[in-house]
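Just so you know, all these numbers are worked out from the coordinates, no wet-lab data involved. Keep in mind that what you see is a predicted model, and the values were worked out from it rather than measured. Neighbour counts run over all protein chains shown; Cβ positions are idealised from the backbone, glycine included.
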């Protein structure tokens with residue numbers, strides 16, 4: 001053996017071993033799952049062929065997937081907005097409400113039929129770097145008390161959300177899809193439209209179909225094939241949709257009754273974090289990449305009337321480690337008619353100071369006390385307190401038996417205050 | 001005084017739909033649309049808001065800053081915004097459907113001129129409200145003579161400049177005018 005080769009032999013062996021080890025350690029190219037990727041395209045829903053903001057069975061699928069496939073969907077913020085980190089309150093009145101809510105989908109799941117159920121396992125949510133929380137005039141639980149626009153812009157990481165407008169606060173990352181659901185069938189569209197029309201005629205809250213700004217325009221727009229029947233996305237219905245339930249965390253499985261063959265899964269309106277109640281009307285609203293996997297429960301849809309959720313320790317994981325709680329009762333000032341019952345035009349409600357078995361009034365009572373507490377104890381402004389409540393206060397039912405005073409509490413997650421954290 | 005007139009822009013607050021209540025906000029307040037693409041428009045709109053806050057507080061003026069001129073046009077065309085502040089060039093482009101706009105707003109009319117900008121509305125903006133704005137601007141020498149504009153004057157402005165009395169409020173708003181209106185002297 002030549003001397004030079006003998007001298008280099010250890011180096012050659014080391015390099016060969018290293019190369020072999022590196023090749024075995026590289027997991028990137030080792031695949032097992034079938035992936036279906038639906039990426040965002042364009043700035044707005046209208047620019048994106050995979051985006052819709054109305055619900056109707058005639059909306060064509062943007063992708064097909066088999067049960068078990070890994071489905072990755074790029075989603076947009078709830079308002080299909082053009083808000084940015086430097087947005088101000090004056091930008092809010094320029095939002096186009098006809099664009100709410102942009103949804104990614106529908107995805108046709110091969111093999112599922114009307115009458116089946118679709119189980120959707122949430123595998124991952126990858127948030128954008130920016131999110132916002134708004135006080136929207138005329139919207140939100142205390143819309144009679146908060147009548148001016150307000151915005152908080154959040155900087156996001158997978159560890160927490162911080163904002164220059166909310167100093168000393170870090171909201172933990174507890175993302176979930178505010179809207180996730182499946183397409184209604186034609187019978188459901190007609191039935192839901194009829195009941196909402198009746199409610200609107202009685203003075204209640206219901207949004208009629210609105211072709212302006214509707215996507216996909218070919219189905220739901222002013223010249224669309226079903227313009228008068230495309231449902232708005234604000235109310236959650238039996239098909240899911242805008243449920244805004246924060247317990248639908250990564251790791252949980254949401255089960256939907258299917259109303260059309262293929263089921264028509266859609267996802268959007270991801271919330272980086274939200275309190276139970278989302279009281280200001282918005283959470284920390286973000287775009288995100290959501291990854292799910294589906295399975296079919298044959299015939300399971302016939303025994304369901306609305307979505308159901310199963311999970312393991314996800315609820316425990318989003319619980320605060322320290323908290324402050326206010327107790328709400330269905331009490332009010334004499335002469336006050338709560339805004340949510342004005343459409344009933346009851347002559348009895350106004351003079352009373354105590355309503356019977358009224359959870360909404362109890363929730364309002366608890367929330368207003370909580371807002372007072374946040375301002376007095378933690379030095380936040382009135383608007384900051386409302387924003388914080390929307391993203392970190394949980395309204396919870398205490399009891400529904402002790403007549404007339406059912407109890408709703410408001411639970412503030414004190415972990416959001418940096419002063420309480422290491 | 002003019003109390004109650006522009007306040008009467010508000011539709012009766014009987015609508016419970018959250019979005020409709022946002023629309024009520026947009027109608028209860030005189031929301032002036034501006035755009036980030038036209039950097040001058042926002043500070044000018046804020047100046048207008050301050051002026052109206054002092055001299056026509058019933059208008060309860062607010063400013064809406066759209067990110068793009070295209071969004072501003074969308075909001076105007078879909079009646080989500082009633083009044084927008086545009087540069088003279090942009091007003092002409094919107095009237096004729098030229099870039100940067102994707103469509104024309106053929107019923108675009110001028111309410112007042114402020115330097116190189118023009119306050120615009122569509123014909124759905126009530127003549128009475130246009131008349132009140134024109135009168136208020138004239139009363140306080142706030143706006144320039146509306147000449148050399150690329151868009152026609154709103155009928156209500158024409159009436160105000162001609163010294164005609166204020167047109168009647170729209171039927172659905174008269175009932176909401178809570179105070180008696182005293183028509184100001186003409187100039």
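Taking the mean number of other Cβ atoms within 10 Å as a proxy for protection, how do you rank B:99-106, B:58-65, A:296-303 from highest to lowest? Show your work: numbers first, answer last.
Numbers: B:99-106: 13.4, B:58-65: 23.0, A:296-303: 15.4.
With the highest mean Cβ count within 10 Å placed first, the list reads B:58-65, A:296-303, B:99-106.
For peptide B:57-70, how many partner chain Cβ atoms fall within 10 Å of a residue's Cβ, on average?
Details: counts 0, 0, 0, 0, 0, 6, 6, 8, 8, 7, 9, 3, 0, 0.
If you average over the peptide's residues, the count of other-chain Cβ atoms is 3.
Residues of A:127-138, mean number of Cβ from any other protein chain within 10 Å of their own Cβ, rounded to a whole number? Working shown, then result.
Numbers: counts 0, 0, 0, 0, 0, 0, 0, 0, 0, 5, 8, 13.
Across A:127-138, the average partner-chain Cβ count within 10 Å equals 2.
Cα gyration tensor of segment A:35-317, axes a ≥ b ≥ c as square roots of the eigenvalues: rounded (a/c below 1.5), prolate (a/b > b/c) or oblate? Kindly include the intermediate steps, with their values, before the conclusion.
Values: a/c = 1.56, a/b = 1.21, b/c = 1.29.
It comes out oblate by the Cα gyration axes.
To the nearest 500 deg cm²/dmol, what mean residue ellipticity at 222 nm is calculated for the protein assembly as shown from DSSP H runs of n ≥ 4 alone, each contributing -39,500 (n - 2.57), summed and divided by the residues?
On the way: 13 runs with 146 residues, N = 609.
Taken over the protein assembly as shown, the calculation gives -7500 deg cm²/dmol.
Going by the alpha-carbon gyration tensor, a ≥ b ≥ c the square roots of its eigenvalues, is the protein assembly as shown rounded (a/c under 1.5) or, if a/c is not under 1.5, prolate (a/b greater than b/c) versus oblate? Before the final figure, lay out the partial values.
Values: a/c = 1.78, a/b = 1.47, b/c = 1.22.
It comes out prolate by the Cα gyration axes.
Students often check this: by mean Cβ neighbours within 10 Å, which of B:148-154, B:160-166 ranks highest, and how do the rest follow? Spell out each step's value before the answer.
Values: B:148-154: 18.4, B:160-166: 14.9.
Highest-to-lowest ranking by the protection proxy: B:148-154, B:160-166.
Can you tell me how much longer the chain between residue B:123 and residue B:106 gets when fully stretched, taken as 0.36 nm per residue apart minus their C-alpha distance, in nm with one decimal?
Extra length from residue B:123 to residue B:106 when fully extended: 5.2 nm.
Measure nothing fancy, just the Cα-based angle from helix A:186-201's long axis to the longest principal axis of chain A, in degrees from 0 to 90, nearest 10.
Helix A:186-201 sits roughly 40 degrees off the main axis of chain A.
Under the 0.36 nm per residue contour assumption, what length would be gained going from the current alpha-carbon distance of residue A:34 and residue A:191 to full extension? Could you put the intermediate results ahead of the total?
Details: separation 157, 0.36 × 157 = 56.52 nm, distance 3.74 nm.
Contour length minus the Cα-Cα distance gives 52.8 nm.
Students often check this: by mean Cβ neighbours within 10 Å, which of B:131-138, B:90-97, A:193-200 ranks highest, and how do the rest follow? Don't skip to the end; give the middle numbers.
Numbers: B:131-138: 24.0, B:90-97: 19.9, A:193-200: 14.5.
Taking the mean over residues of other Cβ atoms within 10 Å, the ranking is B:131-138, B:90-97, A:193-200.
Across the residues of A:90-103, average count of Cβ atoms on other protein chains within 10 Å?
Per residue, the average neighbour count from other chains is 6.
Note the angle between two axes, namely the Cα long axis of helix A:3-25 and the longest principal axis of the Cα atoms of chain A, as a number of degrees from 0 to 90, rounded to the nearest 10.
The two axes meet at around 30 degrees.
Using the alpha-carbon atoms, what tilt in degrees (0 to 90, nearest 10) does helix A:359-378 show relative to the longest principal axis of chain A?
Helix A:359-378 and the main axis of chain A meet at about 70 degrees.
Pick from A:35, A:174, A:377 the residue whose mean-square fluctuation is largest in a GNM of chain A, springs joining Cα atoms under 10 Å.
In the Gaussian network model the winner is A:377.
Can you give me the relative contact order of segment A:323-420 as a percent, contacts being Cα pairs under 8 Å and 6 or more apart? Don't skip to the end; give the middle numbers.
Details: 168 pairs, mean separation 38.0, N = 98.
Relative CO of segment A:323-420 lands at 39 percent.
Quick one: grab the alpha carbon gyration tensor of segment A:323-420, order the square roots of its eigenvalues as a ≥ b ≥ c, and give me rounded if a/c is under 1.5, else prolate or oblate depending on whether a/b is larger than b/c. Each step should come with its number before you reach the end.
Working: a/c = 2.80, a/b = 1.85, b/c = 1.51.
Prolate, because a/c is 1.5 or more and a/b exceeds b/c.
Which one, A:176, A:141, A:266, has the greatest fluctuation when you compute a Gaussian network model over chain A with C-alpha springs under 10 angstrom?
A:141
Does a label point 7 Å from the Cα of residue A:47, set along Cα-to-beta-carbon, have any residues of segment B:87-104 with amide nitrogen under 17 Å, and which are they?
B:100-103
Please find, in a Gaussian network model of chain A (springs between Cα atoms separated by less than 10 Å), the residue of A:397, A:341, A:411 whose mean-square fluctuation is greatest.
A:341
Out of all DSSP beta bridges in the protein assembly as shown, what portion is antiparallel? Express it as a percent rounded to 5.
Values: 77 of 92 bridges.
Just about 85 percent of them are antiparallel.
Defining a contact as two alpha carbons under 8 Å apart and six or more residues distant in sequence, what relative contact order in percent does chain A show? Write out the running numbers ahead of the final one.
Working: 1000 pairs, mean separation 85.1, N = 422.
Relative contact order, chain A: 20 percent.
Determine the principal axes of the Cα atoms in segment A:177-306, then give the extent along each, sorted from largest to smallest and rounded to whole angstroms.
39, 39, 30
Working out 0.36 nm times the residue gap between residue B:147 and residue B:89, then minus their Cα-Cα distance, what length gain in nm do you get to one decimal?
Numbers: separation 58, 0.36 × 58 = 20.88 nm, distance 1.45 nm.
The residue B:147-residue B:89 span can extend by a further 19.4 nm.
Distance from the Cα centre of segment A:278-344 to that of segment A:112-154, in angstrom?
11 Å
Evaluate the distance, in nm, between pseudo-label points positioned 7 Å from the Cα of residue A:376 and of residue B:39 along their respective Cα→Cβ axes.
Distance between label points: 4.8 nm.
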